[in-house]
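Shown next, in structure tokens, is the structure this report addresses.
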Amino acid sequence: MREKEAYTVAEIATLTGLSTGTIRRMFENEKGVLILERPEKMHKRRYRSIRIPRAVYERVLRKITV
């Protein structure tokens, strides 16, 4: 079975035991994170989909566990 190429915020939150808000704040400004966004229009809120590549996840994990 092949490992995932990129994780969602919810998947990493489950793996680490941290909240989705914490994961979002930790990763949204990291280099290499993919953010797909539909901007806010009139009365519709914006939608963001964040994908975190496995390499970025591992890099940040090493950085915070050192």
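Quick note: the coordinates plus some simple rules give every number you see, no bench work behind them. Keep in mind that what you see is a predicted model, and the values were worked out from it rather than measured. Because the Cβ atoms are built from the backbone with ideal geometry, glycine has one as well, and the counts that use them run over all protein chains shown.
A few points about this structure:
- Loop-located trypsin sites (Lys or Arg not before Pro) in the stretch 30-66, at most 10 other Cβ atoms within 10 Å (DSSP): Lys31, Arg45, Arg46
- Assigned charges on the beta-carbon of Lys, Arg, Asp, Glu; the stretch 1-51 dipole about Cα centre (debye): 320 debye
- Relative contact order for the chain, counting Cα pairs under 8 Å that sit 6 or more residues apart, in percent: 34 percent
- By the rule of a C-alpha distance below 16 Å, with chain neighbours fewer than 8 residues away ignored, the lysines paired with Lys63 are Lys31.
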